1. Of all the C-alpha pairs in the chain, what % are more than 24 Å from each other?
2. How do Met102, Met82 rank by accessible surface area computed with a 1.4 Å probe, from largest to smallest?
3. Label points 7 Å out from Cα along the Cβ direction at Ser62 and Glu108: separation in nm?
4. Can you send over the carbon and sulfur percentage of the accessible area for the chain, probe radius 1.4 Å, protein chains only?
5. Relative contact order for the chain: what percent, with Cα pairs under 8 Å and sequence separation of 6 or more?
6. Given +1 on the Cβ of Lys and Arg, -1 on the Cβ of Asp and Glu, and no further charges, what dipole in debye does the stretch 5-123 carry about its Cα centre, rounded to the nearest 20?
7. For Ala16 and Asn83 in one chain, what is 0.36 nm times their gap in residues minus the Cα-Cα distance, to one decimal in nm?
8. Positive end of the dipole of the chain, charges at C-beta (+1 Lys, Arg; -1 Asp, Glu), about the Cα centre: which of Val11, Val47, Val1 has its Cα farthest in that direction?
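The values are calculated or read from the model by the stated rules, or taken from the named source; none is laboratory data. What you are looking at is a predicted structure, and each value in this text was computed from that prediction instead of being measured. Every residue, glycine as well, gets a Cβ built from its backbone with ideal geometry; the counts of neighbours run over all protein chains shown. Surface areas here come from the heavy atoms of the whole protein model, side chains and all, with no ligands, DNA or RNA. Shrake-Rupley method; radii C 1.70, N 1.55, O 1.52, S 1.80 Å.
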Amino acid sequence: VQLQASGGGLVQPGGALRLSCSASRRIASTNALAWFRQAPGKEREFVAALSWRGGSPRYADSVKGRFTISRDTAKNTVYLQMNSLGFEDTAIYYCAVSRLSMATTRLEEYQYWGQGTQVTVSS
């Protein structure tokens, strides 16, 4: 499956963005989807994950209460609504699909990756 991420951009601190990730084919209910991010000079880190079949999403502690992951099964698209953005949220954001059905936080359990979309928080 190919993934196309979009929605990144430049935003002021306290602002909001919504990222989208569209899949090239139907996502199976046995898959999970996630967002990761990578800041300059840092390793890629988990942000949020959701099982395609639904259920409770998982979030990194650093984004809980600010970010929301959701999906549109009809459009094969996963979203990441990001509110109250801070400088520390500046990174390239990647969407990923796992063959596992559970919303895993482990990077190595995701087999398919999008190209990334840049989010820059700056005043």
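1. 18
2. Details: Met102 110, Met82 0 Å².
Output order, biggest surface exposure first: Met102, Met82.
3. Output for this residue pair reads 2.1 nm.
4. Details: 2830 of 6190 Å².
Summing carbon and sulfur atoms, their accessible area is 46 percent of the total for the chain.
5. This gives 37 percent for the chain.
6. So the magnitude is around 420 debye.
7. 23.7 nm
8. Farthest towards the positive end: Val1.
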